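One structure follows; several queries about it will come next.
Values quoted throughout were computed directly from the atomic coordinates according to the rules given, and no laboratory measurement underlies them. Note that this is a predicted model, so its numbers are computed, not measured. When we count neighbours, we look across all protein chains shown, and the Cβ atoms used for this are built from the backbone with ideal geometry, even at glycine.
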Amino acid sequence: MEATTIGAVDESLYYIAAFAFLLFFGIVFFLVYFSVRYRAKRNPVPTEIHGNNLLEVLWIVLPTLLALSMFFYGLTGYNFLRHAPAGSFEVAVHSRQWSWSFEYPDGKKSPQLVVPVGRDVRLTIDSDDVIHGFYLPGYRIQVDAVPGMKTYAWFKATRLGAFDILCTVYCGTNHSEMMAKLFVLPQDKYETWLAGGAAPKDGDAPMDGE
Amino acid sequence: MGDTVHEARAPYFAPQGGRRGILSWLTSTNHKRIGILYLSLIGVFFSTAVVLGVLMRVQLQSPSMRLMDARTYNIMFTLHGIIQIFLVVIPGIPTIFGNFALPMLVGANDMAFPRLNLFSWYLFLFGAVLAAVAVFTNGGAPDTGWTFYVPFSLKTSVNVPLATFAVFILGMSSILTGINIVTTVHQLRAPGMTFFKMPLSVWGLYATAWVQILATPIVGITMLLIVVERLFGIGVFDPTKGGDPLLYQHLFWIYSHPAVYIMILPAMGIISDLFPVFSRKNIFGYKMIAFSSLAIASVGSLVWGHHMYVSGQSDTADIIFSLLTFLVAVPSAIKVFNWIATMYKGSIKLEPPFLFALTFVFLFSIGGLTGLFLGALSANVQLHDTYFVVAHFHYIIFGGFGFGIFAALHYWYPKMTGRMYSKTAAVVGWLVTFVGFNVFYFPMFIMGWQGMPRRYYSYLPKFNELQLLSSVGSYVLAAGVAIILVNLLYNAKRGAKAPDNPWGGATLEWTLPSPPPLENWEEPPTVTKGPYDYSGMEEKR
Amino acid sequence: MSGHTHAGPIDRDRGCIGMWLFICTEILLFGGLFLLYSVYRYKNPADFHAASQDLSRFSGTLNTIVLITSSLSAALAVHELREGRAARSKLFIWATILLALTFLTVKGFEWAAKFEHGLYPNAAHLLSLPPGQILFFGLYFTMTGLHAIHVIVGMGIFGYGLRALSRGKIDAEHPVLVENATLFWHLVDVIWIFLFPLFYLIS
């Protein structure tokens, strides 16, 4: 599989989910089983046990190793997310209460993010007023837009379609309406748009995105 | 500690020394009375915040709902957060049970500084009044979220300084309570009670008190800086003057992450007391649980940056904070395993307090395991500031603190009131809250996973069904909470008389009458056995 | 009998533990500000140096001497009290209060001078300076202001101690209040000893 930001995030999500479910069902099983098996009616006399060194060492060491493995999974994915490939397609993202705007290298500005399919897209993000959160769940991208500094993120636009861009850091009254769209278009349609063609609409691109 | 017959000493809540009525409560430095004073205030605040929460869920029932406008909704989640965090969950267990139960648990007659104790209650009241005033005056309530993130909080409604100052005052109250608890544990333990003969609830409160003392000043100064920034414009958090908004977030979370442990550690301690009592056997791995509390308190002070993975802080910082975050998960896991192991070969009675304790473990486990997703750097990118986080911390805070305090209330209720609640009603209340809780919050994990950001007044149509389900769950949960509260309130005066030791506990408070007299012991008790040693107690059960 | 005292004079060990814990919280309170200071100085070394030149080293040095002397007189007050010489103890407390007042007066003149030169938060002149200087003066007023509040609180506690001494509530057997007031005063002194070089002596 080609390395994408989606893969980098989803791999660790599913890895952790597998162990989380395993541990969860183990915990619930023993809670319920002991509650039934050792209820006072069935087991009127308790057996005194103060501890068990082997068992306790085991459940210090095992969770530690498991936790460390999760950390490394997260770290590997994150390293990938934080290092945009050289030669990425650059777009500047500006945010303000309560809208996004996208600025292209040639100076073109757009309220929607439109990119050609297959490219690595590097976003440089800033804010004019308060902190916003640039969130593109369809490509597993999130980073805050902070006034006074520039943050960045990148993704590989592998999937055609329209994707929601949302604000995740609460920024005032219309926080929940601070939305935009990402359109990943085939190269020819992208060029038409760049040359001044009409803004794409939801139906324009095949919706295999989400 | 044999079967001494208690000569009739008046219960602690009877009129004493010529003072009666409300005034005798407001001037009393007695630890049990102050505990009840806190309980009354916190009960009112909790109910208020639950109502706010339900109103928010009504608004979110459908994306086109217009119960309130967006600004009102933003104020509501801000108030819900401020009340629940600063007025309920952080003070909750240390003030209610740290006062009511702690001196009895260590065999003392009162806290180390009784007058300071009453003073901190008044500070708490004062902070709460300030917060309430901030809601109704001077342009209206703050709409910043309980985190008061700059620079938004520097620009929005005019009452932010008053609200943040209220938080500062509440922090002072919390610090004084912490000082009282640490000193009490060091100085006032009964003869024979070594540190390793203390009940684990005392260990929990003790570790918590250190966090209160060491972390709260940082949020105190941060809140003061917001006030000063708002009033004079000093510029330290204002990017237009060279200030760094991320520095605010660091300072805020240096306290507010440890604050999560202020919320959960004492609850864990109480749960550790309940598992042995209702399994009739010693806790599995006493020292491990005691030390894991200290481990959580210390390592937990170094993980604040995991709230800021996507904030723009350096990647190196992200990596260090993520590593520490995974390490702090381990002591919590140890506690869960030890609790469950305590049940092994026990003789278990599913009394109401224990049902709540078991539910605590169930919900806390879900909260803890979902925390692993958020701790992992890449997974967090998708889940950060979404409903996944909202669900996660409600599983920890409501599932942990909330059910911990429900367990504690049902456990010490006979000691507090001298009466017993209806056990049937308690079980019904438990079942309804348990079902409502999971229907309410579990869908939020799914919505967050699918990209539903938090603090949204409205939402995309793809979330319609799950949002509705979640709202229905919230109504069920609120009904369950109401059943629990009514049962406890109604029976405080009308319930059947409770025996001195209804659960067969081996800790010191159960050697006192129910309710205890104003002065717990006439002669200091001598401790010769551990807190979970039930040998020779079978016949009294 | 540890657990069985009624309200009354505070047990000495207990009072001492409580006060030290409180001092920890005070150090952390200022610690947050020192943290901010370090970060901003690290980011703006030249601006901090330039802004520091606007402060009066003379006043700063004078105030440092005044405060250290007051710490000494506070310590002597405790010593005299423990020796049972309440009258001399009162004298030293008075001296401490007067020195504190001197400190505040000097501080007041300093602040007034800064205000005259437009070097106060949100002043048009200050806002025309580079961000590092704005932050320097923001921190200067916040930190010395918070410190001054502590000086005033300390004076209040000593004043209360004087009253208690006059009424005979405090003596060689029950010196906790004066001891703790002095402990607090040393803290106020120590904080100033950190503030002084950080603001006045940047080279």
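Between B:Arg494 and C:Ala164, what's the calculated FRET efficiency when r is the beta-carbon distance and R0 is 60 Å? Round to 0.05. Each step should come with its number before you reach the end.
Values: r = 48 Å, r/R0 = 0.80.
In this case the efficiency is close to 0.80.
Can you tell me which of C:Ala113, C:Ala95, C:Ala75 moves the most in a GNM of chain C? Springs connect C-alpha atoms under 10 Å apart.
C:Ala113
Filter A:Lys201/B:Lys155; B:Lys32/B:Lys287; A:Lys150/A:Lys181; B:Lys349/B:Lys493; B:Lys32/B:Lys493; B:Lys415/B:Lys529 down to the pairs with a C-alpha to C-alpha distance above 24 Å, please. Present the calculation step by step, with values, prior to reporting the outcome.
Values: A:Lys201/B:Lys155 35 Å; B:Lys32/B:Lys287 29 Å; A:Lys150/A:Lys181 21 Å; B:Lys349/B:Lys493 26 Å; B:Lys32/B:Lys493 17 Å; B:Lys415/B:Lys529 22 Å.
As for pairs spanning more than 24 Å Cα to Cα, those are A:Lys201/B:Lys155; B:Lys32/B:Lys287; B:Lys349/B:Lys493.
Specify the residue with the greatest mean-square fluctuation among A:Ala40, A:Ala199, A:Ala180, computed from a Gaussian network of chain A linking alpha-carbon atoms under 10 Å apart.
A:Ala40
While we're on this one: What is the sum of charges, Lys and Arg at +1 and Asp and Glu at -1, for the other residues whose Cβ falls under 12 Å from the Cβ of C:Tyr160? Let's see the in-between values first.
Working: positive: C:Arg163, C:Arg167, C:Lys169; negative: none.
That sum, taken over residues with Cβ under 12 Å, equals +3.
With r as the distance between the Cβ atoms of B:Ala482 and B:Asp69 and R0 = 30 Å, compute the FRET efficiency 1/(1 + (r/R0)^6) and round to 0.05. Before the final figure, lay out each step's value.
On the way: r = 28 Å, r/R0 = 0.93.
E between B:Asp69 and B:Ala482, to the nearest 0.05, is 0.60.
Is there a quick way to get the dipole size of the range A:1-105? I mean about its Cα centre, with the Cβ of Lys and Arg at +1 and of Asp and Glu at -1; what is the value in debye to the nearest 20?
Working: 6 positive and 7 negative charges, 151 e Å.
In debye, rounded to 20, the range A:1-105 gives about 720.
Moving on to the next point. What net charge is computed for the residues neighbouring B:Val158, neighbours being all others with C-beta under 15 Å from the C-beta of B:Val158, Lys and Arg scored +1, Asp and Glu -1?
Working: positive: B:Arg71, B:Lys155, B:Arg230; negative: B:Asp143, B:Glu229.
Net of charged neighbours comes to +1.
Further question: Would you please classify the overall shape of the protein assembly as shown from the alpha carbon gyration tensor, given that a ≥ b ≥ c denote the square roots of the eigenvalues, rounded means a/c under 1.5, and beyond that prolate means a/b larger than b/c while oblate covers the rest? Before the final figure, lay out each step's value.
Working: a/c = 2.01, a/b = 1.14, b/c = 1.76.
Oblate.
I'd like the antiparallel share, as a percent to the nearest 5, of DSSP beta bridges with both residues in the protein assembly as shown. It would help to have the intermediate numbers written out before the result.
Working: 30 of 43 bridges.
Rounded to the nearest five, the antiparallel share is 70 percent.
Now for a different question. Quick query: amide H of B:Tyr457 versus all other amide H atoms, modeled in the peptide plane; which residues come in under 5 Å with a sequence gap of 5 or more or a different chain?
Placed amide hydrogens put A:Ser176 under 5 Å from B:Tyr457.
Excluding residues on the same chain fewer than 8 positions from C:Lys169, give the lysines whose Cα lies under 21 Å from its Cα.
C:Lys90
Highest GNM mean-square fluctuation, chain A, Cα pairs closer than 10 Å: which of A:Met179, A:Met70, A:Met149?
Looking only at A:Met179, A:Met70, A:Met149, the biggest GNM fluctuation is shown by A:Met149.
A further question on this structure: I'd like the FRET efficiency for A:Phe19 and A:Met179, computed as 1/(1 + (r/R0)^6) with the beta carbon distance as r and R0 of 22 Å, rounded to 0.05. Before the final figure, lay out the partial values.
Details: r = 34 Å, r/R0 = 1.57.
Taking R0 as 22 Å, the efficiency between A:Phe19 and A:Met179 is 0.05.
Set Lys and Arg Cβ to +1 and Asp and Glu Cβ to -1, take the dipole of the range A:43-146 about its Cα centre, and tell me which of A:Leu136, A:Val45, A:Tyr104 lies farthest positive.
In the range A:43-146, that residue is A:Tyr104.
Can you tell me the dipole magnitude for the range C:14-200 around its Cα centre, using point charges on the Cβ only (Lys, Arg +1; Asp, Glu -1), in Debye to the nearest 20? Show your work: numbers first, answer last.
Values: 13 positive and 11 negative charges, 56 e Å.
It comes to approximately 280 debye.
Related question: How many angstrom separate the Cα center of the range B:181-245 from the Cα center of the range C:128-159?
Their Cα centres are 22 Å away from one another.
Between beta-carbons, use under 14 Å as the cut-off and find the net charge around B:Ser378, counting Lys and Arg +1, Asp and Glu -1.
Details: positive: A:Arg82, A:Arg140; negative: A:Asp10, A:Glu11, B:Asp315, B:Asp318.
Counting the neighbours of B:Ser378, the net charge comes to -2.
Name the residues whose placed amide hydrogens come within less than 5 Å of the amide hydrogen of A:Trp154, ignoring near sequence neighbours (fewer than 5 apart) on the same chain.
For A:Trp154, whose amide H was placed from the backbone, the distant partners under 5 Å are A:Leu123.
What is the mean number of Cβ atoms from other protein chains located within 10 Å of the Cβ atom of each residue in peptide A:147-154, rounded to a whole number? List each step's numbers first, then the result.
Working: counts 6, 12, 5, 1, 4, 1, 2, 0.
Shielding by partners across A:147-154 averages 4.
Still on this model: In nanometres, what is the gap between the two model label sites at B:Ser535 and B:Leu294, each 7 Å from Cα along Cα-to-Cβ?
So the label points at B:Ser535 and B:Leu294 sit 2.7 nm apart.
Peptide B:446-456: average number of partner chain Cβ atoms within 10 Å per residue? Numbers along the way, then the final one.
Values: counts 0, 0, 1, 3, 2, 11, 2, 14, 5, 7, 8.
Other-chain Cβ atoms within 10 Å of each residue's Cβ, averaged: 5.
Shielding by partners for B:282-294, please: the mean number of other protein chain Cβ atoms within 10 Å of each residue's Cβ. Before the final figure, lay out each step's value.
Values: counts 5, 3, 6, 8, 2, 3, 6, 1, 0, 0, 1, 0, 0.
Average per residue, whole number: 3.
Please report the spacing between the Cα centers of the range C:9-45 and the range B:269-316 in Å, no decimals.
The two parts, judged by their Cα centres, are 25 Å apart.
Turning to a different aspect of this structure: Mind listing P(r) for the range B:266-397? All alpha-carbon pairs, 5 Å bins, whole percents.
2, 10, 18, 20, 17, 12, 9, 6, 3, 1, 0
Given +1 on the Cβ of Lys and Arg, -1 on the Cβ of Asp and Glu, and no further charges, what dipole in debye does the protein assembly as shown carry about its Cα centre, rounded to the nearest 20?
2280 debye
Can you give me the Cα centroid spacing of the range B:124-180 and the range B:52-116 in angstrom?
Centre-to-centre (Cα) distance: 14 Å.
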